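See below for the structure under consideration.
All of the numbers you see were taken from the coordinates with simple rules; none came from a lab. Please read all numbers here as calculations on a predicted model, not as lab measurements. Cβ placement follows ideal geometry from the backbone for every residue including glycine, while neighbour counts extend to all protein chains displayed.
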Amino acid sequence: MNNEDLAQRALAEIQMKLKSEGFATGSSQDLLFYVGIREASLPPQKLYSDVEKQKIIEMATYTILCPARYYELIWVDDQGWPHYRPKTGLPKMTKAEFEVFITPFLLNYFLQKKR
């Protein structure tokens, strides 16, 4: 089994786990929210406001796009929250195009982190 197969298998397992824990779809947004909670060491059971969820998803997006040099980590604050700056701009995308774009980066993240 090659690395991509392992990553896709891990991603499918994470998606199933998220669905069983009450995430609506196991979509890339759910996966990014999971990554954000994990990276910021936030409690997964907490009820987050829509604004908090959006900030967590944005931070996760920046985190997984760092290796591809779309963003650069500039510092981590006292509360452990990472702060990034853009290195290259992302192209304008529809939600569907973003889903396709982000999937390989999510796969890479889960392959590197081994869940």
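Numbers at a glance
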{"item": "Relative contact order, percent, the chain [alpha-carbon distance under 8 Å, six or more residues apart]", "result": "29"}
{"item": "For the chain, built as a Gaussian network whose Cα springs stay under 10 Å, the top-fluctuating residue of ALA96, ALA40, ALA68", "result": "ALA96"}
{"item": "Efficiency of FRET between HIS83 and ARG9 - r from beta-carbon atoms, R0 35 angstrom, step 0.05", "result": "0.60"}
{"item": "Spin-label model distance (nm) - SER41 vs VAL76, 7 Å beyond Cα toward Cβ", "result": "0.8"}
{"item": "Computed P(r) (all Cα pairs; the chain; 5 Å bins; percent)", "result": "2, 11, 20, 25, 21, 14, 5, 1, 0"}
